[in-house]
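Asker: Quick one: the structure is below, questions incoming.
Every number in this text was worked out from the coordinates using simple rules, so none of it is lab data. What you see is a predicted model; the values in this text were computed from it and never measured. Methodologically, a virtual Cβ is constructed for each residue, glycine included, from the backbone with ideal geometry; neighbour enumeration extends over all protein chains shown.
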Amino acid sequence: MPSLKNDREQELLKSFQNGDSAAFEAIFNLYWQHLYRIANRSLRSHEESEEVVQELFTTLWQQKSTLRILDISSYLNGAIRKRVIDKIRSKLVHEKYWNYYSALRIDHDQSTDNTVGFNELNQELEKAIDRLPTKSRQVFKLNRLEGRSVSEIATSLKISERAIEYHLTKSLRVLRVYLKDFILLVIFALDLN
């Protein structure tokens, strides 16, 4: 026989899915602290943990009518773990690009030829990014230049994660083709010096 707690959670879930903000608030109050602890265990940052939990509940409310949730507890536990992984992945990507950029800056400071090559490559990259379709350009900049995760971008742009991945793949493909010849010329020019 189901427990009283499970019956209450099922009632809250049904009411929430029908747009009842009081049920949403009850779910929030019931799970917020538990989800925060899960996030903070991995992120070890009060601000980031709060942000991840807040984003989860924001998305939950925004997508209340389209989500098919059978067990709110299982759904929230899985969703917070996915968001924590995305957050960690985003931080790693951001750190990787920052290290790459820092290395380029060090090389950039060492010689005039490298400075010219760096500036030209940067200009060509900006031109290539500007040629992307609007949505792809927006997704690319948020992910690759700002280091935001796929789920963060999906939430802020209100489109699916699959659409975000499509735009990223499309952007990278276009940029590779556009910059292929230019990068070869820069490498060739640097090798001559």
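Asker: Would you mind checking LYS91/LYS127; LYS14/LYS91; LYS82/LYS180; LYS64/LYS135 for any pair whose Cα atoms are more than 32 angstrom apart? The partial results should precede the final answer.
Answerer: Values: LYS91/LYS127 27 Å; LYS14/LYS91 36 Å; LYS82/LYS180 35 Å; LYS64/LYS135 25 Å.
Correct reply: LYS14/LYS91; LYS82/LYS180.
Asker: Okay, next question. Hey, fewest Cβ within 10 Å first, where do SER45, SER136 land in order?
Answerer: Details: SER45 14, SER136 20.
Lowest count first: SER45, SER136.
Asker: Still on this structure, please answer the following. To the nearest 20 Debye, how big is the dipole of the range 1-94 about its Cα centre, given +1 on the beta carbon of each Lys and Arg and -1 on that of each Asp and Glu? All intermediate terms of the calculation are to be shown ahead of the outcome.
Answerer: Numbers: 14 positive and 12 negative charges, 89 e Å.
The calculated dipole for the range 1-94 is roughly 420 debye.
Asker: Exposure proxy check: ARG68, ARG83 ranked by fewest other beta carbons within 10 Å? Write out the running numbers ahead of the final one.
Answerer: Working: ARG68 6, ARG83 24.
So the residues, fewest neighbours to most, are ARG68, ARG83.
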